[in-house]
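The block underneath contains the structure these notes are about, expressed in structure tokens.
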Amino acid sequence: MPPIIELKNVSFTYPHGEGKPESPPAVDNVSLSVEPGEFVAVLGHNGSGKSTLAKLFNAILTPTSGDVLIDGMNTRDESRLFDIRKTAGMVFQNPDNQIVATVVEEDVAFAPENMGLPSKEIRRRVDEALAAVGMSAFKRHAPHLLSGGQKQRIAIAGVLAMQPRAIVMDEPTAMLDPMGRAEVMRTILRLNRENGMTVVLITHHMDEAAQAGRVIVMNHGRMLLDGAPAEIFSQVDELRACSLAPPQTVALLDRLNRDLNAGLPLTALSVEQCADVIYHYLKG
Amino acid sequence: MLKDITLGQYFPGQSPIHRFDPRLKVLMVVAYIVALFCADGLWAYLFCFSMLALCIGLSRIRPKMMLRGLKPVLFIICFTAVLNMFYTPGVVLWHWWIFTLTREGIFNALYMVSRIVMLIMCTALLTYTTSPIALTDALEYLLGPLKKLRVPVHEFTMMMTIALRFIPTLIEETDKIMSAQKARGADFESGNLIARAKALVPVLVPLFVSAFRRADELATAMECRLYHGGEGRTRLNELHFARLDLLGGVLTAACVAAVFVISHFWA
């Protein structure tokens, strides 16, 4: 199968004001491809260009140079704009600012209504999408009375109702409390594992990225690292160089290595794995 | 505390009044208002009142709630009553300074007041029994012909929906900003009216800024969900005209006709 998202030497520079010096490119010569069914986390600290990258996936921005292909469609081609957005749905940071209607199910129905589907089909998709995020019980509720995590799950359902092939999420958990974050992460993981949904998750939380199948690290608009989470997070020095703290488990093992010269592998991403590694080390 | 306001004052229910097609309900209210203004004479008024009472009874909305709807217009009601009582020429009952109470005046005042009360009550009944979304859908449909004259009907109703959606969000935000300002020593409660209004400026500025930011983000999110105006848009809940609606429509028409007959031929 061809990749769902493909970037070929993509750069993007934000337009600058008259007479001002040109700003450095927000995304600098990035090439990558995302295969169907993958769960890719894009990591980077503030200003690393990760949010700009997300906007390029959805034709909200078009690259200054290079090409973005969504399921083979070039985002520069305005006649395909609808199909592009239908293929790669987008979830934003603030759940409040992406919910349109005063009733949950009406909001989830927004995209299929715009697609001009018959009302029976809309009903089917709304019910399916709400079930997929576990919010069926709330379909007649007013969104402003829901918690942050619930609102974000409604926003995800709103995108699912388009039946996209991939979902791009731009820091969907950044404005949520820990409970809400866990709730949204569970939903994302389930969508990826059970429904085979391709997910691109933009985040600056290590523990969220650790749950993905593949991690891309951005720094100053460039793609710095690309690989499996265990592989990426063991490169402690590179992570620190782009102001990212490695996951706590890896940080602990790294500290043991430095202070005691223990020579432990830095691949433990869960607390259990980490405990195992230390246990074996202590046993001899 | 501000979070508890009910949106558009809608009380969900399953009564026939609730289940009427919202388009029909809007038309029924219009017809009823026309009937009210055509009504003349005690019997016509009594008939109008019993129609309204029947609808309120059917809707199961508590009469107390209906009366609450009158509160904001209490001043207008009193004003109308006084003006009509003292400034209608006719048989003088009582006279003092510039006030002349006439028998016709008292009748006029009673008619006018009951007309206003019934008018407010029937519109209140509409918003109490119809969800804001159904109401905007109905308006979009009924104003549909204006699209031919290039009136942006869809955009107008979309604006209404979004406004309704964001009222609680913005109220919450106002609450937050006010708390933040209070924490830094702002005083919203003391001083005269002008001082209090001035104290609100530091609340309104950040509120406006954030409202614009929200609008921008919402517009992007809507575009990402394929919004492209009203053209080719379908609805999750299509409005449909049922047998109940036909019955309601016919009954309303009959009642309006009855008001005409009572007012102009019977008396």
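The values are calculated or read from the model by the stated rules, or taken from the named source; none is laboratory data. Since the structure is predicted, the reported quantities are computational estimates derived from the model, not experimental observations. No Cβ is skipped: glycine too gets one built from the backbone with ideal geometry, and neighbour counts run over all protein chains shown. Ligands, DNA and RNA are excluded from the accessible area calculation, which covers all protein heavy atoms including side chains. Shrake-Rupley method; radii C 1.70, N 1.55, O 1.52, S 1.80 Å.
With respect to the conditions (1) open to solvent by 10 Å² or more (accessible area, probe 1.4 Å); (2) farther than 23 Å from A:His45 by Cα, A:Glu238 lacks only one, and its number is (2). Among the candidates A:Ala268, A:Ala212, the residue that is crowded, with 20+ Cβ neighbours inside 10 Å, modelled with pLDDT of 85 or more and either in contact with a Lys or Arg (Cβ under 6 Å, 6 or more places away or on another chain) or in a loop (DSSP other than H, G, I, E, B) (or both) is uniquely A:Ala212. Out of the residues in the range A:27-64 meeting the condition of being open to solvent by less than 50 Å² (accessible area, probe 1.4 Å) and more than 26 Å from A:Lys86 (Cβ to Cβ), tell me which one is nearest to the chain's Cα centre (by Cα). Out of the qualifying residues, it is A:Leu43.
I'd like to check something: does the range B:202-211 contain any residue that is out of contact with any Pro (no Cβ under 8 Å at 6 or more places or on another chain), of a type in the set (Ser, Thr, Tyr) and over 30 Å from B:Leu58 (Cβ atoms)? Scanning the range B:202-211 turns up at least one residue that is out of contact with any Pro (no Cβ under 8 Å at 6 or more places or on another chain), of a type in the set (Ser, Thr, Tyr) and over 30 Å from B:Leu58 (Cβ atoms).
Per the listing B:Arg165, B:Arg196, B:Arg184, the residue uniquely more than 30 Å from B:Leu52 (Cβ to Cβ), without any contact (Cβ under 8 Å) to a residue 40 or more places away in the chain and surrounded by 19 or more Cβ atoms within 10 Å (Cβ to Cβ) is B:Arg165. Residues that are touching a residue at least 40 places away in the same chain (Cβ under 8 Å) and among the small types (Gly, Ala, Ser) were ranked within the range B:215-244; the one that is farthest from the other protein chains (Cβ to nearest Cβ) is B:Ala242.
Note on the range B:31-80: residues that are part of a helix (DSSP H, G or I) and under 20 Å from B:His264 (Cβ atoms) total 18. More than 20 Å from A:Ala155 (Cα to Cα), open to solvent by 40 Å² or more (accessible area, probe 1.4 Å), free of Cβ contacts under 8 Å to residues at least 24 places away in the same chain and within 14 Å of chain A (Cβ to nearest Cβ): does that describe B:Phe212? For B:Phe212, the condition - more than 20 Å from A:Ala155 (Cα to Cα), open to solvent by 40 Å² or more (accessible area, probe 1.4 Å), free of Cβ contacts under 8 Å to residues at least 24 places away in the same chain and within 14 Å of chain A (Cβ to nearest Cβ) - is met.
For A:Leu189, the conditions (1) under 22 Å from A:Gly37 (Cα atoms); (2) open to solvent by 30 Å² or more (accessible area, probe 1.4 Å) are fulfilled apart from (2). Here A:Leu69 qualifies as outside any helix (DSSP H, G or I) and out of contact with any Pro (no Cβ under 7 Å at 6 or more places or on another chain).
Quick one: in the range B:129-143, which of the residues that are open to solvent by 20 Å² or more (accessible area, probe 1.4 Å) and in a helix (DSSP H, G or I) is modelled with the lowest pLDDT? The selected residue is B:Pro132. Every listed requirement among (1) over 16 Å from the mean Cα position of the chain (by Cα); (2) closer than 27 Å to A:Leu117 by Cβ; (3) assigned to a helix (DSSP H, G or I) is met by A:His141 save one, (3).
Whether a residue is in the same structural domain as A:Ile154 (by TED's automatic domain parsing), outside any strand (DSSP E or B) and of a type outside the set (S, T, N, Q) was assessed, and A:Val199 does not pass this test.
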